[in-house]
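The values are calculated or read from the model by the stated rules, or taken from the named source; none is laboratory data. In this text the structure is predicted, and so the values were computed from the model without any measurement. Reconstructed Cβ throughout: ideal geometry from the backbone, glycine too, with neighbour counts over all protein chains shown.
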Amino acid sequence: ESSFLNFHDSDCEPKGSPPCDSLLSLNTEKILSQARSIAEQKRFPFATDNDSTNEELAIAYVLIGSGLYDEAIRHFSTMLQILSPLGRINEAVSDLTKAIQLQPSARLYRHRGTLYFISEDYATAHEDFQQSLELNKNQPIAMLYKGLTFFHRGLLKEAIESFKEALKQKVDFIDAYKSLGQAYRELGNFEAATESFQKALLLNQNHVQTLQLRGMMLYHHGSLQEALKNFKRCLQLEPYNEVCQYMKGLSHVAMGQFYEGIKAQTKVMLNDPLPGQKASPEYLKVKYLREYSRYLHAHLDTPLTEYNIDVDLPGSFKDHWAKNLPFLIEDYEEQPGLQPHIKDVLHQNFESYKLEVQELICVADRLGSLMQYETPGFLPNKRIHRAMGLAALEVMQAVQRTWTNSKVRMNGKTRLMQWRDMFDIAVKWRRIADPDQPVLWLDQMPARSLSRGFNNHINLIRGQVINMRYLEYFEKILHFIKDRILVYHGANNPKGLLEVREALEKVHKVEDLLPIMKQFNTKTKDGFTVNTKVPSLKDPGKEYDGFTITITGDKVGNILFSVETQTTEERTQLYHAEIDALYKDLTAKGKVLILSSEFGEADAVCNLILSLVYYFYNLMPLSRGSSVIAYSVIVGALMASGKEIAGKIPKGKVCWSMGEWLCVKSQSNDLNRFHTKPFSSIFNHFSSLFQLVDFEAMTAPGSEAFSKIAKSWMNLKSISPSYKTLPSVSETFPTLRSMIEVLNTDSSPRCLKKL
């Protein structure tokens with residue numbers, strides 16, 4: 001029997017003795033003393049040759065024995081980095097398993113479940129927490145962690161029910177309120193999340209994790225001032241909290257307070273990781289943010305038409321930033337420090353704007369709210385709403401000028417507007433709304449980066465970790481892939497097609513596809529891919545590379561399910577030629593439309609706008625934000641044609657894109673490629689059951705089908721005549737300073753009255 005199991009036999013009960021108290025109320029010296037004693041005697045399964053590491057591990061086990069699982073898990077994060085490669089987590093699990101076999105108990109199952117949870121084996125952890133609860137149902141901590149195993153697998157509704165059950169058992173359970181708030185935040189339910197975080201803080205106003213999580217939620221809701229209050233309070237309690245320090249700096253910069261922002265960023269930079277310690281995400285990002293902040297500050301009062309971020313920033317800097325690589329850039333010359341004569345952005349009251357500008361802001365808020373995704377994982381962000389609403393209005397005005405042969409001022413030159421200029425308007429607003437994300441044109445990256453291919457990659461499932469934003473779409477994607485597998489086998493193995501079809505009918509999860517492929521295709525080793533093809537309008541019969549869906553697996557059954565696109569110079573040029581041709585046709589038709597009131601002309605212009613954006617979606621030419629940028633261009637260009645989108649994006653629309661023509665290949669050296677023809681039945685299945693903005697571009701047989709389904713929910717109506725009298729967006733907000741000012745101002749009381 002392991003000595004580890006004997007060092008602390010007590011269990012904790014919510015109202016019993018000993019109670020499940022917080023670490024703050026325990027005798028810290030007693031914990032440290034007990035940990036030192038255990039460490040000296042090496043009375044735990046993964047003793048090392050390093051005394052300091054042993055003491056850290058011993059503290060974690062004392063915390064587990066005291067029922068302080070949150071504190072223990074934070075401690076164990078260090079242990080995982082050191083011990084996981086040595087396989088010693090399995091050693092502890094094996095130890096506990098032997099003890100469970102000898103004498104099962106709620107405590108032992110809970111301890112083993114905690115180790116599985118730390119190792120990200122959430123399904124097995126769930127089983128152990130459930131077993132623990134069956135032996136002793138009155139365990140709020142076990143119930144909490146049962147909920148967290150649901151949360152990390154994307155099962156948010158089940159997680160919420162578990163957190164609520166934990167709160168029934170312990171009404172003052174701060175961690176359960178905190179977790180409930182985070183689950184509601186992931187669902188995009190801002191009000192419910194706020195209420196849960198508030199309840200946690202009413203119980204303990206100094207609960208750092210809740211302050212941090214609430215601050216981050218407020219930032220991503222666009223409530224930067226409120227977010228900043230939480231980060232400042234967090235840092236008062238934990239001065240070295242990297243997340244709060246980074247977010248404090250980011251919030252300041254987003255509001256144009258560069259001096260305070262860069263001061264906070266520098267503090268994060270000084271917190272170098274120890275030898276062998278993994279750098280935090282904040283540490284990896286902070287130098288990029290500081291350099292970008294300096295650049296923005298230097299250009300606060302420069303007319304936006306006179307410079308170009310994609311040209312000005314060094315290529316290697318952009319490449320590393322977009323790929324989230326460590327800041328190791330050869331011969332990099334830092335941006336100049338802050339210039340004292342350039343003052344920070346000051347707060348602008350909504351009432352200080354002229355009435356016509358107030359009207360412009362209110363219209364932008366309303367337009368932006370129509371771009372909100374009604375699906376789990378997408379929190380409403382009023383700052384993004386306003387930015388993209390203003391972008392749509394500026395696109396409308398610029399396109400209208402182009403159709404009347406007027407020139408535009410872009411990047412220091414006066415000329416007729418091109419399609420990229422139209423998208424650059426939206427890019428400009430998206431960048432400044434959240435400076436944390438590098439929104440960069442991929443074709444402006446260094447030639448070396450483009451020659452290798454620049455990957456846009458989204459993990460849908462990694463092991464047991466599920467991307468919650470896409471969870472509701474897995475079943476539809478599954479049908480999509482199964483159909484492609486049948487087409488592939490119909491061409492390559494027609495005799496075995498019936499057997500493959502019968503096997504696929506029994507598959508109800510993406511995870512179960514890989515064994516089927518291995519069974520019926522000997523060339524499938526560790527995984528397979530489904531490649532998409534996008535048909536050309538310019539050259540009928542020609543196809544372009546779209547996206548790749550990849551499913552791979554390891555020996556223990558964990559899978560990686562992902563989608564990605566590889567942006568190369570050749571691929572980009574092909575798409576650009578397609579978009580160039582569509583834009584030329586759009587401009588010609590737009591000029592005719594200005595002089596005509598024929599319905600047919602307006603419909604043709606609408607189809608050209610949607611077709612152009614269809615190829616933009618499939619190209620994915622930006623490092624971030626392609627979807628909301630493309631949609632704001634749709635809104636603005638349609639308004640230029642006299643049409644306004646009255647419908648809201650239906651529930652489930654989300655950001656990714658592909659063409660529909662597909663081939664299936666194995667991941668072996670001898671690759672089989674098989675190109676299929678467009679296939680409308682799967683598209684109809686998708687569009688009738690589940691509406692997606694980018695996913696329509698992904699599954700549509702072509703741009704015409706994409707236009708048709710998009711128009712079916714847009715509910716287009718004639719634009720309000722009042723839009724013609726709105727002031728020019730580009731002239732009203734000609735600098736970064738004026739853009740930040742309008743994004744900072746609170747219009748809610750006045751705009752609500754106007755609506």
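Looking at the structure I just gave you, is Leu513 in a helix (DSSP H, G or I), over 30 Å from Ala577 (Cβ atoms) and among the aliphatic types (A, V, I, L, M)? Working first, answer last.
Working: in a helix (DSSP H, G or I): yes; over 30 Å from Ala577 (Cβ atoms): yes; among the aliphatic types (A, V, I, L, M): yes.
Spelling it out, Leu513 is indeed in a helix (DSSP H, G or I), over 30 Å from Ala577 (Cβ atoms) and among the aliphatic types (A, V, I, L, M).
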- Note on the structure: Of the residues in the stretch 334-393, those that are on the phi > 0 side of the Ramachandran plot and of a type in the set (S, T, N, Q) come to none
- Note on the structure: The number of residues in the stretch 209-224 that are farther than 14 Å from Asp434 by Cα and modelled with pLDDT of 95 or more is 6
- Item | Any chance Leu108 is among the aliphatic types (A, V, I, L, M) and in contact with a Leu (Cβ under 9 Å, 6 or more places away or on another chain) | yes
- within 23 Å of Gln236 (Cβ to Cβ), at pLDDT 95 or above and not charged (D, E, K, R): does that describe Gln131? no
- Message: Restricting to the stretch 731-749, name every residue that is surrounded by fewer than 17 Cβ atoms within 10 Å (Cβ to Cβ) and either at pLDDT below 90 or touching an Asp or Glu at 6+ places or on another chain (Cβ under 7 Å) (or both).
- Response: Thr735, Ser748, Pro749
- Message: Condition first: outside any helix (DSSP H, G or I) and either under 18 Å from Ser293 (Cβ atoms) or in contact (Cβ under 8 Å) with a residue 12 or more places away in the chain (or both). Now tell me which residues in the stretch 216-243 satisfy that.
- Response: His221, Gly222, Ser223, Glu238, Tyr240, Asn241
- Residue list for the stretch 174-189, filter: touching a residue at least 40 places away in the same chain (Cβ under 8 Å) and closer than 21 Å to Arg233 by Cα: Ile174, Asp175, Arg185
- Query: Just to be sure, is Tyr246 buried (at least 20 other Cβ atoms within 10 Å of the Cβ), among the hydroxyl-bearing types (Ser, Thr, Tyr) and without any contact (Cβ under 8 Å) to a residue 40 or more places away in the chain?
  - Reply: no
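Just need a number here: residues in the stretch 464-505 that are closer than 30 Å to Glu127 by Cβ and either modelled with pLDDT of 80 or more or surrounded by fewer than 14 Cβ atoms within 10 Å (Cβ to Cβ) (or both). Give the steps one after another, and end with the answer.
Residues of the stretch 464-505 that are closer than 30 Å to Glu127 by Cβ, as a first pass: 464-479, 481-482, 503-505.
Filter once more, keeping what is either modelled with pLDDT of 80 or more or surrounded by fewer than 14 Cβ atoms within 10 Å (Cβ to Cβ) (or both): 478-479, 481-482, 503-505.
Of the residues in the stretch 464-505, 7 are closer than 30 Å to Glu127 by Cβ and either modelled with pLDDT of 80 or more or surrounded by fewer than 14 Cβ atoms within 10 Å (Cβ to Cβ) (or both).
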- Could you tell me which numbered condition Ile609 fails, if it satisfies all but one of (1) crowded, with 20+ Cβ neighbours inside 10 Å; (2) of a type outside the set (Gly, Ala, Ser); (3) in a loop (DSSP other than H, G, I, E, B)? (3)
- Task: Would you mind stating whether Gln437 is under 30 Å from Leu313 (Cβ atoms) and surrounded by fewer than 20 Cβ atoms within 10 Å (Cβ to Cβ)?
- Result: yes
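How many residues does the stretch 506-532 hold that are polar (S, T, N, Q) and surrounded by fewer than 17 Cβ atoms within 10 Å (Cβ to Cβ)? Spell out the reasoning first.
Of the residues in the stretch 506-532, the ones polar (S, T, N, Q) are 519, 521-522, 524, 529, 531-532.
Add one more test, that the residue is surrounded by fewer than 17 Cβ atoms within 10 Å (Cβ to Cβ), and what stays is 519, 522.
Result for the stretch 506-532: 2.
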- Task: May I ask you to say which residue of Val556, Val635, Val563 is closer than 28 Å to Gly389 by Cβ and either under 29 Å from the mean Cα position of the chain (by Cα) or modelled with pLDDT of 90 or more (or both)?
- Result: Val635
